Amino acid sequence: MASAIVIVVLSCGAIAAGWGYVRTARRMRSFATVRGRVLAKEVAPLPGGTREGRWGKGGGSMPKVTYSYTVDGVAHTSDRWSYAMRGYKRSLVERQLAALPDEVDVHYDPLAPERGRVRLEVRLAGRVLIGGGVVGLIAGTVALLS
């Protein structure tokens, strides 16, 4: 019974996190785009660990790009790469940074133009969290009722 309660609680958390991600993805569709100039590029450690994965692309490094851009005559500087931090292998980040041009498209929220991002990586993560949460919620509820 205790495990079923834990499953229900975790599933509710997954649904809430997924819903937040979906809402953010919808909001990001309204972001405006402006050209920005790259000021610096470096490989940065991912907060929480720098362990390299053995297979795939995952690792403990992430790109850190500092860039400047202008919105409505106001100059801004940012180093946000994307909405969420994601770790990659160091060699992959080095290739990403080498391929990055001197000018990039900067996506920014018109209500907060100081929060620019180079990438709008809107993934299916929110939908996957919601779907997994619903399945877990059903399984936990069935276990509680049996």
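The residue list R127, R115, R119 contains one member that is under 18 Å from the mean Cα position of the chain (by Cα), part of a loop (DSSP other than H, G, I, E, B) and either surrounded by fewer than 15 Cβ atoms within 10 Å (Cβ to Cβ) or without any contact (Cβ under 8 Å) to a residue 60 or more places away in the chain (or both), which is R119. Among the residues that make up the range 92-105, is at least one of them free of Cβ contacts under 8 Å to residues at least 40 places away in the same chain, surrounded by 12 or more Cβ atoms within 10 Å (Cβ to Cβ), in contact with a Phe, Trp or Tyr (Cβ under 7 Å, 6 or more places away or on another chain) and assigned to a strand (DSSP E or B)? Looking through the range 92-105, none of the residues is free of Cβ contacts under 8 Å to residues at least 40 places away in the same chain, surrounded by 12 or more Cβ atoms within 10 Å (Cβ to Cβ), in contact with a Phe, Trp or Tyr (Cβ under 7 Å, 6 or more places away or on another chain) and assigned to a strand (DSSP E or B). Against the numbered list (1) hydrophobic (A, V, I, L, M, F, W, C); (2) within 20 Å of R26 (Cα to Cα); (3) touching a helix residue (DSSP H, G or I) at 6+ places or on another chain (Cβ under 7 Å), L144 comes up short only at (2).
Beta carbons closer than 6 Å, at least 6 apart along the sequence or on distinct chains, pair a first residue in the range 73-87 that is under 13 Å from M62 (Cα atoms) and open to solvent by 40 Å² or more (accessible area, probe 1.4 Å) with a second that is of a type in the set (D, E, K, R) and not in a loop (DSSP other than H, G, I, E, B) for D79/K64; R80/R117.
Let's see how each residue does on (1) modelled with pLDDT under 85; (2) touching a helix residue (DSSP H, G or I) at 6+ places or on another chain (Cβ under 9 Å); (3) exposed (fewer than 12 other Cβ atoms within 10 Å of the Cβ):
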| site | (1), (2), (3) |
| --- | --- |
| I7 | no, yes, no |
| A40 | no, no, yes |
| G56 | yes, no, yes |
| T66 | no, no, no |
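Answer yes if at least one residue in the range 73-84 is aliphatic (A, V, I, L, M) and modelled with pLDDT of 90 or more, and no otherwise. Yes: one or more hits.
Starting from residues that are hydrophobic (A, V, I, L, M, F, W, C) and in contact (Cβ under 8 Å) with a residue 24 or more places away in the chain, keep the ones in the range 136-146 and report whichever is surrounded by the fewest Cβ atoms within 10 Å (Cβ to Cβ). Ranking the qualifying residues of the range 136-146, first place goes to L144. Cβ-Cβ contacts under 8 Å between residues 6 or more apart (or on different chains), taken from a first residue in the range 17-28 that is closer than 15 Å to G131 by Cβ to a second residue that is charged (D, E, K, R) and assigned to a helix (DSSP H, G or I), are listed as G18/R127; V22/R127. Against the list (1) farther than 30 Å from L137 by Cα; (2) outside any helix (DSSP H, G or I), the condition R86 fails is (1). When restricted to residues that are closer than 20 Å to T141 by Cα and not aliphatic (A, V, I, L, M), the range 1-29 contains 5.
The values are calculated or read from the model by the stated rules, or taken from the named source; none is laboratory data. Since this is a predicted model, take the numbers as computed values, not measurements. Note: ideal-geometry Cβ built from the backbone for every residue, glycine included; neighbour counts use all protein chains shown. For the accessible areas, the whole protein counts, side chains as well, though only heavy atoms, and no ligand, DNA or RNA atoms are used. Shrake-Rupley method; radii C 1.70, N 1.55, O 1.52, S 1.80 Å.
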